[in-house]
């Protein structure tokens, strides 16, 4: 059987004191919660303020960058406009220069044709002036040579060729000023007929006397006999072309190369047609055949 003790008066006092103490002791959770609530609110406010300032700073930075970019793009646009304007100017200058060059080239082509035409006319005039003129080369200089003694040489030449020459047949007579010991003798007759008859007779004389062509001794000139060459008096251009033609004839097996009335001809074989040589291009064309 259990026994229960009846609380004494002192025990009741002790219980009452504990209850009173417990009711007067503060709640720690409530205190902690009440103190943290303002702190969190303050921290939130600080974060919001910092974010707001950062957003504002970002907007200011973005605005500055946009302005810089806008300025930069404006400069690029201006530069592009300048480049475009410069390119248009250069293009126009190029087109103008191209037209100018084409015009100059066309004028040059026309001028060359005109000059060639003038040269051809001058050549024809010179040929006409020389149509009655003969050139005699390798005749030794006479002692105390005069126009009269040169005339005697021409008279003797006519006798050898069996073509009588009178004083009235000679219009002009002189030695050409050139290099060399025996300068050529130029004789101009009063007519083409006299010159042509004398020239043909001398050619016939040389063909008849092969190996014994016309010499200075045949003309009554004392001293060592030298072969004398008689030909038409050619213009400077014709002389150059005839020299090239003779070299061409030797190189390409043409047996004949000669002049007639200032014109140049070649023939490959006896009986072949004669071909007139009027320019170096004609020789080049013959070389390719």
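Structural remarks
- Residue among 104, 81 that alone is over 30 Å from the mean Cα position of the chain (by Cα), on the phi < 0 side of the Ramachandran plot, outside the structural domain of residue 260 (by TED's automatic domain parsing) and assigned to a helix (DSSP H, G or I): 81
- Members of segment 200-229 that are closer than 16 Å to residue 257 by Cβ and surrounded by 13 or more Cβ atoms within 10 Å (Cβ to Cβ): 203, 206, 229
- Residues located in segment 145-170, provided they are part of a loop (DSSP other than H, G, I, E, B), more than 58 Å from the chain's Cα centre (by Cα) and over 15 Å from residue 191 (Cβ atoms): 162
- Qualifying residue in segment 119-131 (condition: farther than 17 Å from residue 215 by Cβ and not in a helix (DSSP H, G or I)): yes
- Selection status of residue 262, in contact with a helix residue (DSSP H, G or I) (Cβ under 6 Å, 6 or more places away or on another chain) and closer than 22 Å to residue 176 by Cβ: yes
- Residues of segment 209-267 that are over 15 Å from residue 277 (Cβ atoms), in a helix (DSSP H, G or I) and in contact (Cβ under 8 Å) with a residue 24 or more places away in the chain: 216, 218, 219.
- Residue check for residue 139: farther than 16 Å from residue 197 by Cβ and either touching a helix residue (DSSP H, G or I) at 6+ places or on another chain (Cβ under 7 Å) or not in a helix (DSSP H, G or I) (or both): yes
The values are calculated or read from the model by the stated rules, or taken from the named source; none is laboratory data. Keep in mind that what you see is a predicted model, and the values were worked out from it rather than measured. All Cβ positions, even for glycine, are placed from backbone atoms using ideal geometry, and neighbour counts span all protein chains on display.
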